[in-house]
Amino acid sequence: PINKCKLVHKASDDAVAGGRAVTVLTYLHGLKECQSVLPEIQAEGLDIDLIELRSLKPLDMETIRDSLARTHKVAILDESTNSGGVGATVSALIHEQCFDLLDAPVKRLCMDDAPVPYASSMEVAVVKRGSDVVKAVFDFMLKKI
């Protein structure tokens, strides 16, 4: 259904039981970025519940809540800016509706509040990528978040 999130990849039960799993929420190009770094994350004995946000209104909080009940950690990969972006809204809803499930603050991976450069070579420097997801997952495990 179009108004439901899609669980694209479910973290292994071993990673979840060992506290080595993170919920990652993303959409559009972010999905491809996350899928490309999944083997790198798994090579370190970690895993993710990768959820594609297919609709923001309504937002499928049930799927997000079910994943957070398993992982207790969440990162949001978002191509919009820090202020007023999709990640800000999703993060606020998670804090309002799922706070008791969180073991760490929500990690938002989004652009700084600055204009996006026109040149694609410069855009790479500001738009968050799969490598930022890998770093966030590792930071969760090393308790840097």
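The values are calculated or read from the model by the stated rules, or taken from the named source; none is laboratory data. Here the structure is a predicted model, which means the values were calculated and not measured. Backbone-built Cβ (ideal geometry, glycine too); neighbour counts: all protein chains shown. Just so you know, the surface numbers come from the protein's heavy atoms only, side chains and all, with ligands and any DNA or RNA stripped out. Shrake-Rupley method; radii C 1.70, N 1.55, O 1.52, S 1.80 Å.
Cross-linked pairs Lys32/Lys57; Lys4/Lys143; Lys4/Lys144; Lys57/Lys135; Lys10/Lys135: Cα-Cα separations exceed 27 Å for Lys4/Lys143; Lys4/Lys144; Lys57/Lys135. The local environment of Glu40, defined by Cβ-Cβ distances under 13 Å, has a net charge of -2 under the rule Lys, Arg +1 and Asp, Glu -1.
Treat every Asp and Glu Cβ in the range 71-138 as -1 and every Lys and Arg Cβ as +1, leave all other atoms uncharged, and give the resulting dipole magnitude about the Cα centre to the nearest 20 debye. Charge dipole of the range 71-138: 220 debye, to the nearest 20. Electrostatic tally near Arg70: other residues with Cβ closer than 15 Å to its Cβ, Lys and Arg +1, Asp and Glu -1, net -4.
A protection proxy built from the mean count of other Cβ atoms within 10 Å ranks the segments 65-78, 16-29, 42-55, 132-145, most packed first, as 65-78, 16-29, 42-55, 132-145. Taking amide H as placed 1.01 Å from N in the peptide plane, Val8 has its amide H under 5 Å from the amide H of Leu50, Ile51, Glu52, each at least 5 places away in sequence or on another chain. The alpha carbons of the chain occupy a box of 44, 34, 29 Å along the principal axes, longest dimension given first. Taking a point 7 Å out from the Cα of Met122 in the direction of its Cβ, the residues of the range 68-106 whose backbone N falls within less than 18 Å of it are 81.
Once the 1.4 Å probe is applied to the protein heavy atoms, the range 1-57 comes out at 53 Å² accessible per residue. A viscosity of 1.306 mPa s and a temperature of 10 °C, combined with the Kirkwood radius over C-alpha pairs in the Stokes-Einstein formula, give the range 67-117 a diffusion coefficient of 138 µm²/s.
For the chain, the fraction of 1.4 Å probe accessible surface lying on carbon and sulfur atoms is 53 percent.
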